[in-house]
Amino acid sequence: MTTSTNAPTGPGAPAPPVPPGPNGEAGSVLHIDLKAVYYGKFKAVRDSALDVKKGTITAFIGPSGCGKSTVLRSINRMNDLVRGFRFEGKIRFRGRDVYESAVDPVAVRRYIGMVFQQPNPFAMSIFNNVAFGLRLNGYKGNLNERVEQALRSAALWDEVKDKLRQSGLALSGGQQQRLCIARAVATEPEVLLMDEPCSALDPIATVKIEELMQDLKKKHTIVIVTHNLQQAKRVADTTSFFYVDTTQGGRTGYLVETGPTKELFSNPREPHTRDYVAGAFS
Ligand SMILES: Nc1ncnc2c1ncn2[C@@H]1O[C@H](COP(=O)(O)OP(=O)(O)OP(=O)(O)O)[C@@H](O)[C@H]1O
């Protein structure tokens, strides 16, 4: 992989604040080497390492409190906004550690976008929701074209093209989530993080988002947290199973194993994974 060809080049791309490092693993967009994550004195996650390959969907699964969201939100430094949060280790994006002191966390989030559990459109028009990040980045191109392209990417264009000036809040829950996806992809992030993006949606809206993810992965590498094992099976190329060991009185989560989704579900290496995917605990 030549790093320069993978740099965001779209019209919304900012000046390169996360210049590609020299040691990116071939085909890997992200290399996570987490030693420990703390909230204050509480160690929430320990010893978790994985590679995320370009153009794939990786699912994080595991029981409640095992640190899935913490790891996800550490990838684009979203947790920096949480008081007491401390990250030990490295997260290399195209070979460059996003926790290096010279790296601007705001810029990291332009390269590594995020979609949240609850659809959270801004209280503004559909058009302005999508244009928001582009304007923030000083986009100088054709805004109308760019907004249309993002809404098409999010499979929402046909449903909203005649009401772009209406409030984003007037859409259905599923449409709002696709609007948030359009907003996230408008600035062409290389990586898209999705934190349980379907948990607030009905089954039909969920299917739409899952189908959409298969399209999105042609342009964006995706990491998704999901509680829904069937969803992980349906959408993910690779699955990572996290677990929280409570037997010693602690509650620190860790990555147990990562593998091709089919293999992880049919032939897991570790007993905890085997019990979890068999439904022995949730
Ligand atoms: N902002 C925070 N401040 C303090 N502790 C937190 C914070 N966010 C998460 N934690 C704690 O860190 C641990 C991991 O939480 P996290 O939300 O990452 O787990 P999860 O696997 O995503 O859980 P769930 O599936 O229930 O969403 C939990 O013990 C949680 O209580």
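The values are calculated or read from the model by the stated rules, or taken from the named source; none is laboratory data. Source: prediction; values computed, not measured. Backbone-built Cβ (ideal geometry, glycine too); neighbour counts: all protein chains shown.
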Have a look at Ala205, Ala200, Ala186, Ala154 and point out the one that is within 16 Å of the ligand (Cβ to nearest atom), touching a residue at least 24 places away in the same chain (Cβ under 8 Å) and out of contact with any strand residue (DSSP E or B) (no Cβ under 8 Å at 6 or more places or on another chain). Ala200
Restricting to region 90-115, name every residue that is in a loop (DSSP other than H, G, I, E, B) and surrounded by 14 or more Cβ atoms within 10 Å (Cβ to Cβ). Arg94, Gly95, Val98, Tyr99, Val103
So, in region 47-59, of the ones that are buried (at least 19 other Cβ atoms within 10 Å of the Cβ) and not polar (S, T, N, Q), which residue ends up nearest to the ligand (Cβ to nearest atom)? Ala59
Would you confirm, using the coordinates I've provided, whether Phe93 is closer than 23 Å to Glu196 by Cβ and among the aromatic types (Phe, Trp, Tyr)? yes
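A quick yes/no check of all residues on (1) under 19 Å from Ser28 (Cα atoms); (2) in contact with a Phe, Trp or Tyr (Cβ under 9 Å, 6 or more places away or on another chain); (3) within 16 Å of the ligand (Cβ to nearest atom):
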residue	(1), (2), (3)
Ser101	no, no, no
Tyr111	yes, yes, no
Gly141	no, no, no
Val147	no, yes, no
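Quick grid of which residues meet (1) more than 13 Å from the ligand (Cβ to nearest atom); (2) within 17 Å of the chain's Cα centre (by Cα); (3) over 25 Å from Lys217 (Cα atoms):
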| residue | (1), (2), (3) |
| --- | --- |
| Thr239 | yes, yes, no |
| Asp245 | no, no, yes |
| Thr261 | yes, no, no |
| Asn267 | yes, no, yes |
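Matching residues to (1) at pLDDT 95 or above; (2) within 20 Å of Leu192 (Cα to Cα); (3) of a type outside the set (A, V, I, L, M):
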site: Asn6; (1), (2), (3): no, yes, yes
site: Thr9; (1), (2), (3): no, yes, yes
site: Gly12; (1), (2), (3): no, yes, yes
site: Pro17; (1), (2), (3): no, yes, yes
site: Gly27; (1), (2), (3): no, yes, yes
site: Lys35; (1), (2), (3): yes, no, yes
site: Thr58; (1), (2), (3): yes, yes, yes
site: Val71; (1), (2), (3): yes, yes, no
Cys66 passes all but one of the listed conditions (1) away from the ligand (no atom under 11 Å from the Cβ); (2) under 23 Å from Thr261 (Cβ atoms); (3) out of contact with any helix residue (DSSP H, G or I) (no Cβ under 6 Å at 6 or more places or on another chain); the exception is number (1)
Can you pull out the residues in region 210-233 that are in contact with a helix residue (DSSP H, G or I) (Cβ under 6 Å, 6 or more places away or on another chain), more than 10 Å from Ala59 (Cα to Cα) and not acidic (Asp, Glu)? Met213
